[in-house]
Structure formats: C-alpha cells, structure tokens
Amino acid sequence: MLSRFSESSIGQKIIMALTGVLLVFFVLFHMLGNLLLYANDEGQAINAYAKFLHEVAGGYGIWIARGGLLVLVGLHIWSAIRLTQINRRARPIDYKKHAYKESTWAGRGMRISGIIVAIFVVFHLLHFTAGKILPELHTTNVYANVIQGFQVKWVAAFYIISMLALAPHLAHGIWSLLQTLGLSHPNFNTTRKVIAGLLTTMIILANISFPISVQLGLINLPSSPQSQP
Ligand code: HEM
C-alpha cells in the first residue's frame, strides 16, 4: 500500500512537498539565527546560540537534527528523480515536439538549480562544519569563522552566486508545494505567488547580505586583543 503510494505521481509529489516545506523551514530558521551576526556585540549572541545548538539534549540534539536533515535531503532528491521517471513514462511522446512546454522548462530549471544548491551545501559543510576550506576553524567562535570565511573574496563571491541559484529553486519550490499541500484552486494563484516571492526575497537578501557586509567591513572581528578568537 505504502509502496504503491510512493510509486504514484501524487505520492511522490506529497513526499517532495513535505520534505520541501521542512527544508524551507530549516533555511528560514538558519537565516534568522545568522541575523545575530548583526547584533553588534562582537559575536556573543551568535556564539551563544551556536553553543546552545551544539549542547542541547546533552549534545545529541545536533546529531538528531543532522540525521533528520540528511533523511529530508535524501527523500527530496529521491522523489525528484522518481517524479521525473514517472512523468517520462507517462508521456512516451517524442520530447522534441514538446520541448517548449512550460512544465518541462520549470522541471529542468528545478533540476539544474537543485544540483547547484546540492554543490553549495557540500561546499558549505566542508567550509563551516568540517573546516576543510577555512584554514583555522574556531570550534567555539562561529562569529570569527563566518567573518574570516567571508573575508576571502572568492568564497564571498561563491556564496553570493549560490544564493542567486537558490532563489529560483526556493521560489518555484514554495509556489508548487503550496499547490500540492492544498492551495491548488486558481483563486489562490496570486496568494501562492506572493508568499513564494516574499519568503524567497527575504531569505536570499539576508543570506547575500552576510558576505557583502563582511567584504564592506560592516561587520568585523573584535579589535581588542583579549576578545580575539
Ligand atoms: C550566507 C548564508 C549562510 C551562512 C552565513 C551560514 C552559516 C553557517 C554556519 C556558521 C554554520 C556552522 C554552524 C556551527 O558550527 O554551529 C552553518 C551550518 C550549516 N548550514 Fe549554513 N549558512 C548559510 C546558508 C545556508 C544555506 C542556504 C543552507 C542550506 C541550503 C545552509 C545549510 C547549513 C547546514 C546543513 C549546516 C550544518 C549544520 C551542522 O553543523 O550540523 N546554510 N551555516
């Protein structure tokens, strides 16, 4: 029964929408947490927040969240692949004749931007979680990690470009998951567009502002030697 559900196009769409909505929540809350970079307190608030995340539930909380995120990303990618296969099987007509269909372009755009987002996430984990890109990762000073990370010009540029790729993926994803999860009536078309547009603009502008603010020197490392990382 469950396998027949997940084999159907509607089943895959629901899995994609549910995992999508949880991933959007993650990106939104992650962005809100990162806004603490602007607290003008030499990183105390964001470091305390990161410490809380690392220590909650006796240190197991972060591993549960990491496991949950991994499952969500896995299911999201799997349902995207299955949906593509199901759609291709359902329409075995020569695609050359239909190449300009809007849905085909939207699907292709989602696949390309999805691949770029996946590359970004791998880079991001190597950068701030594993410390393989930044020479010295301070385990208790996320503030210093972010500033030193974004002081490197190509890294700042990479983040900005990645966020520009995330924008259409988020916008189309939110728009389409709202449809799958119930706002499917044509009367809600404008509401869906507004929600998707506002959420995407807010997340992307905030995320792009972090590397830009560091490059412009608007957020800096503490100047007094005692408070240096
Ligand atoms: C410019 C925007 C962003 C900044 C400044 C940023 C910053 C950070 C930092 C500093 C960490 C490490 C936190 C710690 O060790 O406590 C982190 C972890 C992470 N970020 Fe971001 N992030 C950004 C955007 C994103 C986006 C758009 C995504 C997803 C698409 C994302 C996904 C993650 C994930 C999955 C982790 C791993 C959490 C863990 O350590 O388990 N980040 N981010």
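The values are calculated or read from the model by the stated rules, or taken from the named source; none is laboratory data. Please read all numbers here as calculations on a predicted model, not as lab measurements. Glycine also receives a Cβ, built like all others from the backbone with ideal geometry; neighbour counts cover every protein chain displayed. Note: areas computed on protein heavy atoms with side chains; ligands, DNA, RNA excluded. Shrake-Rupley method; radii C 1.70, N 1.55, O 1.52, S 1.80 Å.
Which residue fluctuates the most in the chain, going by a Gaussian network model with Cα springs under 10 Å, if the choices are P168, P211, P186?
Result: P186 has the largest fluctuation of those listed.
Given a Förster distance of 22 Å, report the FRET efficiency between H30 and R108 from their Cβ-Cβ distance, rounded to the nearest 0.05. Working shown, then result.
On the way: r = 27 Å, r/R0 = 1.25.
For H30 and R108, the calculated efficiency is 0.20.
Quote the convex hull volume per residue of the chain, based on C-alpha atoms, as a whole number of Å³.
Details: hull volume 35.5 nm³, N = 229.
Here the figure is 155 Å³ per residue.
Going from most exposed to least, what order do T19, T180 have by accessible area with a 1.4 Å probe? Could the numbers behind the result be given before it?
On the way: T19 10, T180 50 Å².
Final ranking, largest accessible area leading: T180, T19.
Say R0 is 41 Å: what FRET efficiency, to the nearest 0.05, do S223 and L53 get from their beta-carbon distance?
Numbers: r = 27 Å, r/R0 = 0.67.
Plugging the Cβ-Cβ distance into 1/(1 + (r/R0)^6) gives 0.90.
Could the peptides 62-71, 196-205 be put in order, highest first, of the mean number of other beta-carbon atoms found within 10 Å of their residues? Please list the in-between numbers first.
Details: 62-71: 12.0, 196-205: 16.5.
Ranking the peptides 62-71, 196-205 by packing returns 196-205, 62-71.
May I ask for the net charge around L36, where only other residues with Cβ less than 13 Å from the Cβ of L36 are counted and Lys, Arg are +1 while Asp, Glu are -1? Each step should come with its number before you reach the end.
On the way: positive: K51; negative: D41, E42.
Spelling it out: positives minus negatives among the neighbours equals -1.
If you count, for each residue, the other Cβ atoms within 10 Å and average over each peptide, how do 113-122, 143-152 line up from highest to lowest? Please list the in-between numbers first.
Working: 113-122: 15.4, 143-152: 20.4.
Final packing ranking: 143-152, 113-122.
What's the angle, to the nearest 10 degrees (0 to 90), between helix 60-90's Cα axis and the longest principal axis of the chain?
The two axes meet at around 30 degrees.
Considering only protein heavy atoms and a probe of 1.4 Å, how much of the accessible area of the chain is carbon and sulfur, as a whole percent? Intermediate results must be reported in sequence, preceding the final value.
On the way: 9820 of 14090 Å².
C and S atoms contribute 70 percent here.
Solvent-accessible area per residue for the chain at a 1.4 Å probe radius, Å²? Write down the numbers at each step before the final one.
Details: 14090 Å² over 229 residues.
For the chain, the solvent-accessible area averages 62 Å² per residue.
Working with all protein chains in place, sort S209, S223 by solvent-accessible area computed with a 1.4 Å probe, largest first.
Values: S209 30, S223 110 Å².
From most accessible down to least: S223, S209.
At a threshold of 8 angstrom on Cα-Cα distance, excluding pairs fewer than six apart, so keeping six or more, what relative contact order does the chain reach in percent? List each step's numbers first, then the result.
Details: 182 pairs, mean separation 62.4, N = 229.
RCO, the chain: 27 percent.
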